[in-house]
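Working notes, structure below.
The values are calculated or read from the model by the stated rules, or taken from the named source; none is laboratory data. Computed from a predicted structure; not experimentally measured. So basically every Cβ, Gly included, is an ideal-geometry build from the backbone, and we count neighbours across all protein chains shown. These area figures cover heavy atoms from the full protein model, side chains too; ligands, DNA and RNA do not enter into them. Shrake-Rupley method; radii C 1.70, N 1.55, O 1.52, S 1.80 Å.
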Amino acid sequence: MVLQSIKFDVEFGLLEILDQLLLPEKTQYIKIKGVEDGWSVINKMQVRGAPAIAIVGSLSLAVEIWKEEFQDKKTLLREIEGKLNYLISARPTAVNMKLAADELLELAIQLSRDETCSTRDMKKNFIDAITMMLDKDIADNKNIGKHGSDAILSNLQSQETTIKVLTHCNTGSLATAGYGTALGVVRRLHEMKRLDRVYLTETRPYNQGARLTAFEMVHDKVPATLICDSMVAYLFQKKHIQAVLVGADRVAMNGDTANKIGTYQIACLAALHDVPFYVCAPFTSIDSSKSSGDSIVIEERPEHEMTYIAGKRIAAPGISVWNPAFDVTPAKFIRGIITERGVFECSDLKNQLNL
Ligand SMILES: CSC[C@H]1O[C@H](OP(=O)(O)O)[C@H](O)[C@@H]1O
C-alpha cells in the first residue's frame, strides 16, 4: 500500500492530511475544510515539507472556493488574492507556497480578464490548475530520482556497484505529493538495486528523520539505518559514505540553500571528509528573487518543541532556548543541485532559469 499523506477529491469536497505530529505511533487524518484549516495544519507542522506546504495550502483554497458561488469574476479574484496572501504567512522559510501563490494569482488575473470565460469557468479552471499540482509534483520527484541516481552512480569507482548515502530530515512522500526529492533519489537507487544502505539522521528537535523518514523506509522495505545527529562525523570516518542527499526549502540564485537545521554542519563535515553533498529540489523550491542565502528568513519555532518530546519535558524548566528550524548551506559546499530538469552546478542556476 502506498503511503498517502494527502487525500483529495474536490468533487466531494474531500481534503484530508495525515497528521505528521502523531507519526509513527498513530495514523490519523485531519479534515481540511478551507484555508483557515490549511493555514493551521501548516503552521503547527501537522503537514510539513516545502512542496507539501504549497500543495496542501493551495488545495485548501480549492476546497473552500469549490463550495462557494461568486456573483462575478472580480469578487472571485479578490477572494483568491486575499486567501493566497493569508496562506503564504503560515511559515516563512520555504518558498514553494509563495511561488505557487504567485502563479495561481497570475492565472486568476488572466481568467478574470478573459471575456470568453464565465465566473463558473474561471472557478473550475482555477481549481483544475491546483489539482494538477499533485501529479506534477510526483512527476518532478520521479525525474529528480532519475537524474540524481544517474549523477551519483557516475561518481562511483569502477569496482563499486552499490552506494551508501546519508540523508537529513524528511524529504519523502510525507514532504511532497509523493515519492520525494532526496528520498526520491534513494527510492530510485533502491529500485535500481544500487542502494547498499541509506543512513538517516533523527533530525532533532521535530525528529523528521526518526519519526517520518524511518517510517517511510520501513514501509517501503528500503535498507536504512537511523543515527543521531551527533554521529555524522563518526559515520563519515567509519563508513564509506559516497553521497549526502538533502532537500531544500529555498535555493537562492547563487546556490546557497536553506534547509532543515543541521544541514549546514553536515555539509561542513562532508567537505572535510570529501563526501559529495547534493541538494535535491524541484524548481518550485528555487527563489529567483534571492541572489544569495543572506536574506532568506529563518523561521524560529516555539521553545516547547525543543524542551519536550512526546509531551514529556526533557530540559530543565527556566533554561533559555534558541530553536531555528533551518540554516543556510553556502553554495561552495554543494556539489550539485539535483532537479527535475537535470543536475546543475550552483553557478549554472541563473542560466537554467534564463535570468
Ligand atoms: C522535500 S523538501 C522538505 C524540506 O522541508 C523540511 O522542513 P520542515 O519539515 O520544517 O517543513 C526540511 O527542510 C526538508 O528538507
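The rows are residues; the columns are (1) more than 16 Å from the ligand (Cβ to nearest atom); (2) at pLDDT below 95.
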{"position": "Ala54", "(1), (2)": "no, no"}
{"position": "Lys67", "(1), (2)": "yes, yes"}
{"position": "Ile80", "(1), (2)": "yes, no"}
{"position": "Pro92", "(1), (2)": "no, no"}
{"position": "Ala100", "(1), (2)": "no, no"}
{"position": "Ser112", "(1), (2)": "yes, no"}
{"position": "Glu115", "(1), (2)": "yes, no"}
{"position": "Met122", "(1), (2)": "yes, no"}
{"position": "Thr131", "(1), (2)": "yes, no"}
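Condition check: closer than 19 Å to Ala214 by Cβ, at pLDDT 95 or above, more than 16 Å from the ligand (Cβ to nearest atom) and surrounded by fewer than 18 Cβ atoms within 10 Å (Cβ to Cβ). Does Asp150 satisfy that?
Taking the combined requirement at face value, the residue does not satisfy it.
Being farther than 27 Å from Ile6 by Cβ and in the same structural domain as Ala270 (by TED's automatic domain parsing), is that true of even one residue in the range 142-151?
Yes, that holds for at least one residue.
Would you mind finding the one in Ala267, Ala271 that is more than 9 Å from the ligand (Cβ to nearest atom) and open to solvent by 30 Å² or more (accessible area, probe 1.4 Å)?
None of the others qualify; the one that does is Ala271.
So is Ile298 farther than 24 Å from Lys136 by Cβ and in contact (Cβ under 8 Å) with a residue 60 or more places away in the chain or not?
In short, yes.
Among Ile65, Ile88, which is the only one that is among the aliphatic types (A, V, I, L, M) and open to solvent by 40 Å² or more (accessible area, probe 1.4 Å)?
When all the criteria are applied, what remains is Ile88.
Yes or no: the range 38-58 includes at least one residue that is farther than 25 Å from Leu18 by Cα and without any contact (Cβ under 8 Å) to a residue 24 or more places away in the chain.
Checked against the condition, which is being farther than 25 Å from Leu18 by Cα and without any contact (Cβ under 8 Å) to a residue 24 or more places away in the chain, the range 38-58 yields no hits at all.
Taking the condition open to solvent by less than 20 Å² (accessible area, probe 1.4 Å) and either under 30 Å from Leu189 (Cα atoms) or of a type in the set (D, E, K, R) (or both), does Met97 pass?
Considered against the rule, which asks whether it is open to solvent by less than 20 Å² (accessible area, probe 1.4 Å) and either under 30 Å from Leu189 (Cα atoms) or of a type in the set (D, E, K, R) (or both), Met97 comes out as yes.
Residue by residue, here is whether (1) touching an Asp or Glu at 6+ places or on another chain (Cβ under 6 Å); (2) surrounded by 14 or more Cβ atoms within 10 Å (Cβ to Cβ) holds:
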position: Met306; (1), (2): no, yes
position: Lys312; (1), (2): no, no
position: Ala316; (1), (2): no, no
position: Trp322; (1), (2): no, no
position: Thr329; (1), (2): no, yes
position: Arg335; (1), (2): no, yes
position: Glu340; (1), (2): yes, yes
position: Cys346; (1), (2): no, yes
position: Leu349; (1), (2): no, yes
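Would you be able to tell me the number of residues in the range 18-55 that are closer than 16 Å to Gln4 by Cα and either part of a helix (DSSP H, G or I) or of a type in the set (Val, Ile, Thr) (or both)?
Residues meeting the conditions: 8.
Being more than 16 Å from the ligand (Cβ to nearest atom) and in contact with a helix residue (DSSP H, G or I) (Cβ under 9 Å, 6 or more places away or on another chain) is the filter; apply it to the range 162-189 and report the residue that is farthest from Gly247 (Cα to Cα).
Quick first cut of the range 162-189, residues more than 16 Å from the ligand (Cβ to nearest atom) only: 162-164, 189.
So of that shortlist, the ones also in contact with a helix residue (DSSP H, G or I) (Cβ under 9 Å, 6 or more places away or on another chain) come out as 162-163, 189.
Numbers: Thr162: 22, Ile163: 19, Leu189: 16 Å.
Among them, the one singled out is Thr162.
What residue, of Cys169, Cys228, is at pLDDT 95 or above, touching an Asp or Glu at 6+ places or on another chain (Cβ under 7 Å) and farther than 30 Å from Leu76 by Cβ?
Numbers: Cys169 fails: touching an Asp or Glu at 6+ places or on another chain (Cβ under 7 Å).
Criteria check complete, one pass: Cys228.
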